[in-house]
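Visitor: Here it is, the structure, as C-alpha coordinates.
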Amino acid sequence: MSADVDLTRLSLLLNELRLPAIKQCWSRLAERSDKEGWPAIRLLMALAEHEIAERARRRIERHLAEAKLLAGKTLENFDFNAVPMLSKAQISALCAGDAWLRNGSNLILVGPPGTGKSHLSSAIGLSLIEQGWKVLFARTSELVQRLQVARRELALEAAIHRLERFDLVILDDFAYVTKDQAETSVLFELISARYERRSLLITANQPFGDWNKVFPDPAMTLAAVDRLVHHATILELNVESYRRRSALQNKRKGLGRPAHFATPKNVGVPREEADQ
Ligand code: ADP
Ligand code: MG
(Lines give C-alpha, C1' and ligand atoms only; values in the text may rest on other atoms or scores of the structure.)
(Ligands and ions follow the chains in the order given, each with its own letter.)
Protein backbone atom coordinates (compact mmCIF):
# COMPACT_ATOMS: atom_id res chain seq x y z
CA MET A 1 0.00 0.00 0.00
CA SER A 2 2.70 2.44 0.98
CA ALA A 3 5.18 1.15 -1.64
CA ASP A 4 5.17 4.36 -3.68
CA VAL A 5 4.95 6.73 -0.72
CA ASP A 6 8.03 8.31 0.83
CA LEU A 7 7.45 7.44 4.49
CA THR A 8 10.20 9.70 5.78
CA ARG A 9 8.64 12.64 3.98
CA LEU A 10 5.18 11.72 5.29
CA SER A 11 6.59 11.71 8.78
CA LEU A 12 8.13 15.16 8.22
CA LEU A 13 4.89 16.53 6.78
CA LEU A 14 2.89 15.29 9.75
CA ASN A 15 5.41 16.97 12.04
CA GLU A 16 5.15 20.18 10.06
CA LEU A 17 1.35 20.07 10.28
CA ARG A 18 1.57 19.28 14.01
CA LEU A 19 -0.45 16.08 13.75
CA PRO A 20 1.38 13.83 16.22
CA ALA A 21 -1.59 11.56 16.88
CA ILE A 22 -2.07 10.84 13.17
CA LYS A 23 1.66 10.28 12.86
CA GLN A 24 1.46 7.71 15.59
CA CYS A 25 -1.66 5.86 14.42
CA TRP A 26 -1.86 6.19 10.63
CA SER A 27 -0.04 2.97 9.77
CA ARG A 28 -2.28 0.85 11.99
CA LEU A 29 -5.45 2.48 10.66
CA ALA A 30 -4.22 2.37 7.05
CA GLU A 31 -3.47 -1.33 7.36
CA ARG A 32 -6.94 -1.97 8.72
CA SER A 33 -8.47 0.19 6.02
CA ASP A 34 -6.65 -1.79 3.32
CA LYS A 35 -7.65 -5.09 4.83
CA GLU A 36 -11.31 -4.16 5.29
CA GLY A 37 -11.58 -2.17 2.07
CA TRP A 38 -12.69 1.12 3.71
CA PRO A 39 -13.66 3.97 1.41
CA ALA A 40 -10.94 6.68 1.56
CA ILE A 41 -13.30 9.08 3.33
CA ARG A 42 -13.72 6.64 6.22
CA LEU A 43 -9.97 6.43 6.74
CA LEU A 44 -9.65 10.20 6.59
CA MET A 45 -12.45 10.58 9.13
CA ALA A 46 -10.91 8.03 11.50
CA LEU A 47 -7.55 9.82 11.35
CA ALA A 48 -9.10 13.24 11.97
CA GLU A 49 -11.17 11.97 14.88
CA HIS A 50 -8.15 10.32 16.43
CA GLU A 51 -6.16 13.58 16.28
CA ILE A 52 -9.03 15.59 17.79
CA ALA A 53 -9.56 13.10 20.65
CA GLU A 54 -5.83 13.06 21.43
CA ARG A 55 -5.71 16.86 21.44
CA ALA A 56 -8.61 17.03 23.89
CA ARG A 57 -6.90 14.46 26.11
CA ARG A 58 -3.59 16.33 26.09
CA ARG A 59 -5.33 19.66 26.73
CA ILE A 60 -7.11 18.25 29.79
CA GLU A 61 -3.82 16.77 31.02
CA ARG A 62 -2.18 20.20 30.68
CA HIS A 63 -5.06 21.94 32.45
CA LEU A 64 -4.89 19.41 35.27
CA ALA A 65 -1.18 20.02 35.76
CA GLU A 66 -1.74 23.80 35.82
CA ALA A 67 -4.73 23.69 38.17
CA LYS A 68 -2.86 22.61 41.34
CA LEU A 69 -5.96 20.85 42.64
CA LEU A 70 -5.96 18.97 45.94
CA ALA A 71 -4.94 15.36 45.35
CA GLY A 72 -7.59 12.67 45.64
CA LYS A 73 -10.57 14.99 46.28
CA THR A 74 -13.35 14.02 43.90
CA LEU A 75 -17.13 14.24 43.79
CA GLU A 76 -17.20 10.43 43.85
CA ASN A 77 -15.54 10.32 47.26
CA PHE A 78 -17.48 13.29 48.65
CA ASP A 79 -20.18 12.04 51.00
CA PHE A 80 -23.25 14.16 50.27
CA ASN A 81 -25.14 12.51 53.12
CA ALA A 82 -22.81 14.29 55.51
CA VAL A 83 -24.01 17.69 54.26
CA PRO A 84 -27.79 17.36 53.98
CA MET A 85 -28.31 21.04 53.14
CA LEU A 86 -26.30 20.56 49.97
CA SER A 87 -28.19 19.36 46.92
CA LYS A 88 -26.22 16.89 44.86
CA ALA A 89 -28.30 17.91 41.84
CA GLN A 90 -27.27 21.54 42.31
CA ILE A 91 -23.60 20.61 42.53
CA SER A 92 -23.95 18.48 39.39
CA ALA A 93 -25.54 21.45 37.62
CA LEU A 94 -22.66 23.69 38.72
CA CYS A 95 -20.21 21.07 37.48
CA ALA A 96 -21.84 21.23 34.05
CA GLY A 97 -20.31 24.69 34.09
CA ASP A 98 -21.69 26.41 31.07
CA ALA A 99 -24.08 29.05 32.32
CA TRP A 100 -22.30 30.44 35.37
CA LEU A 101 -18.77 30.27 33.97
CA ARG A 102 -19.83 31.92 30.73
CA ASN A 103 -21.42 34.77 32.69
CA GLY A 104 -18.50 35.15 35.07
CA SER A 105 -20.74 34.34 38.04
CA ASN A 106 -19.28 33.25 41.35
CA LEU A 107 -19.69 30.39 43.78
CA ILE A 108 -19.21 30.93 47.50
CA LEU A 109 -18.94 28.09 50.03
CA VAL A 110 -19.24 29.15 53.65
CA GLY A 111 -19.02 26.89 56.68
CA PRO A 112 -17.00 25.95 59.76
CA PRO A 113 -13.60 24.21 59.41
CA GLY A 114 -13.62 20.57 58.36
CA THR A 115 -16.99 20.63 56.61
CA GLY A 116 -15.58 19.78 53.19
CA LYS A 117 -15.31 23.21 51.54
CA SER A 118 -11.81 22.64 50.17
CA HIS A 119 -12.66 19.06 49.16
CA LEU A 120 -15.81 20.13 47.35
CA SER A 121 -14.25 23.11 45.60
CA SER A 122 -11.31 21.05 44.34
CA ALA A 123 -13.71 18.31 43.21
CA ILE A 124 -15.86 20.85 41.34
CA GLY A 125 -12.65 22.16 39.74
CA LEU A 126 -11.70 18.65 38.63
CA SER A 127 -15.10 18.04 37.16
CA LEU A 128 -14.98 21.32 35.21
CA ILE A 129 -11.48 20.57 33.90
CA GLU A 130 -12.68 17.19 32.64
CA GLN A 131 -15.18 19.13 30.53
CA GLY A 132 -12.52 21.36 29.06
CA TRP A 133 -12.66 24.41 31.39
CA LYS A 134 -9.51 25.98 32.80
CA VAL A 135 -9.33 26.18 36.57
CA LEU A 136 -6.76 27.32 39.14
CA PHE A 137 -6.95 26.22 42.78
CA ALA A 138 -5.09 28.53 45.16
CA ARG A 139 -4.86 29.14 48.86
CA THR A 140 -5.94 32.76 49.02
CA SER A 141 -3.05 33.87 51.24
CA GLU A 142 -0.48 32.37 48.86
CA LEU A 143 -2.04 33.97 45.82
CA VAL A 144 -2.21 37.32 47.64
CA GLN A 145 1.47 36.99 48.47
CA ARG A 146 2.32 36.33 44.82
CA LEU A 147 0.23 39.30 43.68
CA GLN A 148 1.87 41.54 46.26
CA VAL A 149 5.30 40.62 44.97
CA ALA A 150 4.01 41.48 41.50
CA ARG A 151 2.71 44.82 42.76
CA ARG A 152 6.11 45.66 44.27
CA GLU A 153 7.65 44.89 40.89
CA LEU A 154 5.05 47.10 39.22
CA ALA A 155 3.67 44.03 37.45
CA LEU A 156 0.33 43.57 39.23
CA GLU A 157 -1.74 44.27 36.14
CA ALA A 158 0.18 41.68 34.14
CA ALA A 159 -0.13 39.13 36.96
CA ILE A 160 -3.89 39.62 37.19
CA HIS A 161 -4.07 39.48 33.41
CA ARG A 162 -2.30 36.11 33.43
CA LEU A 163 -5.11 34.76 35.65
CA GLU A 164 -7.61 35.75 32.95
CA ARG A 165 -6.92 32.56 31.10
CA PHE A 166 -8.58 30.61 33.89
CA ASP A 167 -12.34 30.32 33.53
CA LEU A 168 -12.43 29.77 37.29
CA VAL A 169 -10.01 30.77 40.05
CA ILE A 170 -10.68 29.01 43.35
CA LEU A 171 -9.69 31.15 46.33
CA ASP A 172 -9.54 28.68 49.19
CA ASP A 173 -9.68 29.99 52.77
CA PHE A 174 -10.56 33.51 51.74
CA ALA A 175 -11.00 34.83 55.26
CA TYR A 176 -7.53 33.63 56.33
CA VAL A 177 -5.83 36.53 54.58
CA THR A 178 -4.20 38.65 57.24
CA LYS A 179 -4.65 42.36 57.53
CA ASP A 180 -1.06 43.23 56.66
CA GLN A 181 -1.25 41.02 53.59
CA ALA A 182 -4.30 42.90 52.51
CA GLU A 183 -2.93 46.38 53.14
CA THR A 184 -2.57 47.25 49.51
CA SER A 185 -5.48 44.97 48.75
CA VAL A 186 -4.40 43.17 45.63
CA LEU A 187 -7.34 40.94 46.39
CA PHE A 188 -9.74 43.78 45.75
CA GLU A 189 -8.07 44.44 42.42
CA LEU A 190 -8.39 40.79 41.46
CA ILE A 191 -12.08 40.75 42.40
CA SER A 192 -12.73 43.96 40.48
CA ALA A 193 -10.83 42.76 37.43
CA ARG A 194 -12.86 39.55 37.21
CA TYR A 195 -16.21 41.09 38.11
CA GLU A 196 -18.95 40.01 35.67
CA ARG A 197 -16.38 38.47 33.32
CA ARG A 198 -14.45 35.61 34.90
CA SER A 199 -15.64 33.41 37.75
CA LEU A 200 -14.32 33.00 41.27
CA LEU A 201 -15.04 30.20 43.71
CA ILE A 202 -14.47 31.32 47.27
CA THR A 203 -14.37 29.19 50.39
CA ALA A 204 -14.51 30.84 53.79
CA ASN A 205 -14.96 29.84 57.40
CA GLN A 206 -16.65 33.08 58.31
CA PRO A 207 -19.66 34.62 56.67
CA PHE A 208 -19.31 38.02 55.01
CA GLY A 209 -19.84 40.01 58.18
CA ASP A 210 -16.35 39.04 59.34
CA TRP A 211 -14.51 39.86 56.15
CA ASN A 212 -13.54 43.28 57.44
CA LYS A 213 -10.16 41.94 58.39
CA VAL A 214 -9.50 40.81 54.82
CA PHE A 215 -9.68 44.35 53.43
CA PRO A 216 -8.04 47.55 54.65
CA ASP A 217 -11.26 49.42 55.38
CA PRO A 218 -15.00 48.78 55.70
CA ALA A 219 -15.82 50.63 52.48
CA MET A 220 -13.56 48.34 50.51
CA THR A 221 -15.01 45.27 52.25
CA LEU A 222 -18.46 46.41 51.26
CA ALA A 223 -17.44 47.06 47.67
CA ALA A 224 -15.69 43.67 47.44
CA VAL A 225 -18.58 41.71 48.96
CA ASP A 226 -20.98 43.60 46.72
CA ARG A 227 -19.11 42.54 43.58
CA LEU A 228 -18.64 38.98 44.79
CA VAL A 229 -22.26 38.32 45.66
CA HIS A 230 -23.89 40.25 42.81
CA HIS A 231 -23.95 37.15 40.59
CA ALA A 232 -23.22 34.38 43.01
CA THR A 233 -24.50 31.09 44.26
CA ILE A 234 -23.90 30.91 47.98
CA LEU A 235 -23.83 27.51 49.63
CA GLU A 236 -23.69 27.16 53.38
CA LEU A 237 -22.23 23.99 54.82
CA ASN A 238 -23.47 24.25 58.34
CA VAL A 239 -22.58 20.85 59.67
CA GLU A 240 -20.15 19.47 62.18
CA SER A 241 -16.58 18.89 61.03
CA TYR A 242 -16.39 15.75 58.88
CA ARG A 243 -13.01 14.86 60.37
CA ARG A 244 -14.34 15.16 63.89
CA ARG A 245 -17.46 13.20 63.03
CA SER A 246 -15.59 10.30 61.46
CA ALA A 247 -13.22 10.25 64.41
CA LEU A 248 -16.17 10.09 66.80
CA GLN A 249 -17.82 7.37 64.74
CA ASN A 250 -14.65 5.31 64.85
CA LYS A 251 -14.46 5.87 68.55
CA ARG A 252 -18.02 4.64 68.99
CA LYS A 253 -17.23 1.58 66.88
CA GLY A 254 -14.09 1.07 68.94
CA LEU A 255 -16.00 1.12 72.21
CA GLY A 256 -18.53 -1.37 70.82
CA ARG A 257 -15.92 -4.03 70.18
CA PRO A 258 -16.09 -7.44 71.84
CA ALA A 259 -14.37 -7.60 75.23
CA HIS A 260 -11.34 -9.50 74.01
CA PHE A 261 -10.38 -6.48 71.85
CA ALA A 262 -10.57 -4.23 74.86
CA THR A 263 -6.92 -4.48 75.71
CA PRO A 264 -5.34 -1.25 76.94
CA LYS A 265 -3.94 -0.76 73.43
CA ASN A 266 -7.36 -0.76 71.82
CA VAL A 267 -9.34 1.19 74.34
CA GLY A 268 -9.85 4.90 74.12
CA VAL A 269 -8.93 7.29 71.39
CA PRO A 270 -8.98 5.68 67.96
CA ARG A 271 -5.97 6.20 65.72
CA GLU A 272 -7.54 8.77 63.40
CA GLU A 273 -8.43 11.00 66.30
CA ALA A 274 -5.13 10.48 68.09
CA ASP A 275 -3.31 11.55 64.91
CA GLN A 276 -4.96 14.96 64.84
P1 ADP B 1 -12.80 22.58 55.06
O2 ADP B 1 -12.11 23.06 53.82
O3 ADP B 1 -14.25 22.92 55.11
O4 ADP B 1 -12.09 22.99 56.31
P5 ADP B 1 -11.93 20.00 54.11
O6 ADP B 1 -12.48 19.99 52.73
O7 ADP B 1 -10.47 20.27 54.25
O8 ADP B 1 -12.76 20.99 55.03
O9 ADP B 1 -12.30 18.61 54.81
C10 ADP B 1 -11.52 18.04 55.87
C11 ADP B 1 -11.29 16.56 55.58
O12 ADP B 1 -12.52 15.85 55.62
C13 ADP B 1 -10.73 16.32 54.18
O14 ADP B 1 -9.86 15.22 54.23
C15 ADP B 1 -11.96 15.99 53.36
O16 ADP B 1 -11.63 15.15 52.27
C17 ADP B 1 -12.84 15.30 54.36
N18 ADP B 1 -14.26 15.58 54.12
C19 ADP B 1 -14.96 16.65 54.54
N20 ADP B 1 -16.24 16.57 54.19
C21 ADP B 1 -16.37 15.43 53.51
C22 ADP B 1 -17.48 14.76 52.90
N23 ADP B 1 -18.71 15.27 52.92
N24 ADP B 1 -17.23 13.58 52.29
C25 ADP B 1 -15.99 13.03 52.28
N26 ADP B 1 -14.92 13.60 52.86
C27 ADP B 1 -15.10 14.78 53.48
MG1 MG C 1 -10.36 24.22 53.72
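Visitor: Taking His63 as the residue in question, decide whether it is more than 16 Å from ligand 1 (Cβ to nearest atom) and crowded, with 19+ Cβ neighbours inside 10 Å.
Guide: Yes, satisfied.
Visitor: Assigned to a strand (DSSP E or B) and either open to solvent by 50 Å² or more (accessible area, probe 1.4 Å) or modelled with pLDDT of 90 or more (or both): does that describe Leu222?
Guide: no
Visitor: Here's another thing I want to ask about it. Any idea which of (1) touching a helix residue (DSSP H, G or I) at 6+ places or on another chain (Cβ under 8 Å); (2) within 16 Å of ligand 2 (Cβ to nearest atom); (3) outside any loop (DSSP other than H, G, I, E, B) is the one Gln206 doesn't satisfy?
Guide: For Gln206, the exception is condition (3).
Visitor: Which of the residues spanning segment 122-139 are under 8 Å from the mean Cα position of the chain (by Cα) and open to solvent by 30 Å² or more (accessible area, probe 1.4 Å)?
Guide: The one that is under 8 Å from the mean Cα position of the chain (by Cα) and open to solvent by 30 Å² or more (accessible area, probe 1.4 Å): Leu126.
Visitor: Against the condition touching a Lys or Arg at 6+ places or on another chain (Cβ under 8 Å), at pLDDT below 85, in the same structural domain as Ala89 (by TED's automatic domain parsing) and exposed (fewer than 15 other Cβ atoms within 10 Å of the Cβ), how does Lys253 come out, does it pass?
Guide: So Lys253 fails the test.
Visitor: Consider segment 71-104. How many of its residues are closer than 21 Å to Thr140 by Cα and crowded, with 17+ Cβ neighbours inside 10 Å?
Guide: 2
Visitor: Which one of these does Val83 not meet: (1) more than 30 Å from Cys25 (Cβ to Cβ); (2) at pLDDT 95 or above?
Guide: (2)
Visitor: I've got another one for you. Can you pull out every residue in segment 134-153 that is modelled with pLDDT under 95 and not in a helix (DSSP H, G or I)?
Guide: Glu153
The values are calculated or read from the model by the stated rules, or taken from the named source; none is laboratory data. Since the model is a prediction, treat every value here as computed from it, not as a measurement. Every residue, glycine among them, receives a Cβ derived from its backbone with ideal geometry; neighbour counts consider all protein chains shown. Ligands, DNA and RNA are stripped out before the accessible areas are found, and what is left, the full protein with its side chains, is counted by its heavy atoms. Shrake-Rupley method; radii C 1.70, N 1.55, O 1.52, S 1.80 Å.
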